[in-house]
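What follows is a set of notes on a single structure, which appears directly below.
Bear in mind that the values in this text are calculations on the coordinates, not laboratory data. Quick caveat: nothing in here was measured; it's all calculated off a predicted structure. Note that each Cβ is placed from the backbone with ideal geometry, even for glycine, and that neighbours are counted across all protein chains shown.
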Amino acid sequence: MKATQLYNTAQVFAIIVIVTVVSESDRERCCEVMPAEKTFTQSEVRDIVDKMARTLAMLYYYMGSEVTAQFGVEGEAAVRRAIHKYGEARGRKIHKEVTGTGLPLTVENLSRYYDLPLPLAWVSKKIKVEENYLEKQVVYCPFAEQWKEMGGEKLGLIYCEQDLCMRKGYNKGFDLQQFTNVLNGDAHCHTVVQWQKNDKQIAEDGHV
């Protein structure tokens, strides 16, 4: 038993010595052959973000499809509840980040602290921008494009319901109006987000 223990200890010691010696002798050479940190062009970054967004859209589609196929109407209702909770959770997270910096829960700050890299893959045209008002048309959404390719428009429209839930989670006074949606065959998603403050909210917030 003692001999075995000594032998194993010797083995371990030898391995440590070998690794140390090899590491010391090859350190300079390894540094020479290792590639420098890769940098990406704006086009490459857009492509990476687009692929990641499409992959997430595929995940949602397959999970939603299986649930609705297996459980029918009840399954669809479950998917809808999950999406609503997801949107609310996103909104609360952004709410916490914005208030943590001492800033008001404006439409402008929602855009500033948004949790998706919209400028890197989504393509939109802003029609009207104010501190508590944003009207825009999204002409390219990687989620929607992926769902259209897969025939998943119906599930995609359920996902879009989280947009209002997210904004309500961020600020209960927010309202989202959606006039068009590419998943309905429209040329763009035309939306308006605004903070509809009542007198009580203005008094509590002290910020119009």
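Taking the alpha-carbon centroid of each part, what is the distance from the stretch 40-113 to the stretch 175-190 in angstrom?
17
Could you calculate the contour length gain from V73 to D47, that is, 0.36 nm times the residue separation minus the distance between their Cα atoms, to one decimal place in nm?
Result for the pair: 5.7 nm of gain on full extension.
Give me a comma-separated list of calculated 3J(HN,Hα) values for the stretch 129-138, in order, Karplus coefficients 6.51, -1.76, 1.60 applied at θ = phi - 60°, integers in Hz, x for any Gly or Pro.
Coupling constants for the stretch 129-138: 10, 9, 4, 10, 7, 9, 10, 8, 10, 8 Hz.
Computed over the Cα atoms, what is the radius of gyration of the stretch 70-208 divided by 2.2 N^0.38 Å, N being its residue count?
Numbers: Rg = 16.0 Å, N = 139, 2.2 N^0.38 = 14.3 Å.
Ratio of Cα Rg to 2.2 N^0.38 Å: 1.11.
Starting from the amide H of Y133, placed 1.01 Å from N in the peptide plane, find each other amide H under 5 Å away whose residue is 5 or more places distant or on another chain.
V107, E108
How many Å³ per residue does the convex hull of the Cα positions in the stretch 29-141 occupy? Present the calculation step by step, with values, prior to reporting the outcome.
On the way: hull volume 21.4 nm³, N = 113.
Spread over its residues, the Cα hull of the stretch 29-141 gives 190 Å³ apiece.
Taking the highest mean first, how do the peptides 183-193, 136-146 order by number of other beta carbon atoms within 10 angstrom per residue? Spell out each step's value before the answer.
On the way: 183-193: 16.4, 136-146: 18.8.
The peptides rank, most packed first, as 136-146, 183-193.
For the stretch 42-205, what is the relative contact order in percent, using Cα pairs closer than 8 Å and at least 6 residues apart in sequence? Walk me through the numbers on the way to the answer.
On the way: 237 pairs, mean separation 43.0, N = 164.
About 26 percent, as a whole number.
First check a/c for the stretch 90-155, with a ≥ b ≥ c the square roots of the eigenvalues of its C-alpha gyration tensor; if it is under 1.5, answer rounded, and if not, answer prolate when a/b is larger than b/c or oblate otherwise.
Values: a/c = 2.84, a/b = 1.74, b/c = 1.63.
Prolate, because a/c is 1.5 or more and a/b exceeds b/c.
Which shape class applies to the stretch 49-96: rounded if a/c is under 1.5, otherwise prolate when a/b exceeds b/c and oblate if not, where a ≥ b ≥ c are the square roots of the Cα gyration tensor eigenvalues? Please list the in-between numbers first.
Details: a/c = 5.19, a/b = 1.27, b/c = 4.08.
Oblate.
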